[in-house]
Amino acid sequence: MFTRVCKLETIPEGGMCLVIASQRHVILAWPDDGALRAFQGVCPHSGTPLSEAAFDGTVLICPSHFWTWDMNTGAAIEPRESALAEYPVKVEDGIVYVDAEAAQELFAPQ
């Protein structure tokens, strides 16, 4: 089920923001020269929200342990076994919608 999360104008190309959809933290990222994407917004290592994560236009960096992800795909850069779940995202009439129930959050083995 798609949930309205924000206006598209709140996310510049090369930017990201943390929103809530279906009671889940969701990172909306618009990578440089890429498309708007939605990923789980909690670290797969610690489960903490990624609201303070750094984003350079392509790579998201967790502030707790410096784990990194490619926001074009959600694939883990370091460590490689810590991918982020991706959620369907759509834009209609300048409004962003996310279906955060379409995938389960991923967590690294402890």
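Any read-out appearing in this document is the output of simple, stated calculations on the displayed coordinates, not a laboratory observation. Predicted model, so just to flag it, every value in this text is computed and none were measured. Counting neighbours? That spans all protein chains shown, and the Cβs are built from the backbone with ideal geometry, glycine included.
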Of (1) buried (at least 17 other Cβ atoms within 10 Å of the Cβ); (2) more than 22 Å from A102 (Cβ to Cβ), R24 satisfies all except one. Which? (2)
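Any chance you could count how many residues in the range 79-90 are surrounded by 13 or more Cβ atoms within 10 Å (Cβ to Cβ) and either outside any loop (DSSP other than H, G, I, E, B) or free of Cβ contacts under 8 Å to residues at least 60 places away in the same chain (or both)? Quick ask: steps written out before the conclusion?
Looking only at the range 79-90, we keep the residues that are surrounded by 13 or more Cβ atoms within 10 Å (Cβ to Cβ), and these are 82-89.
This time we only want the ones that are either outside any loop (DSSP other than H, G, I, E, B) or free of Cβ contacts under 8 Å to residues at least 60 places away in the same chain (or both), so: 82-87, 89.
Residues meeting the conditions: 7.
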Looking at the structure I just gave you, is T10 β-branched (V, I, T), surrounded by 14 or more Cβ atoms within 10 Å (Cβ to Cβ) and at negative phi? no
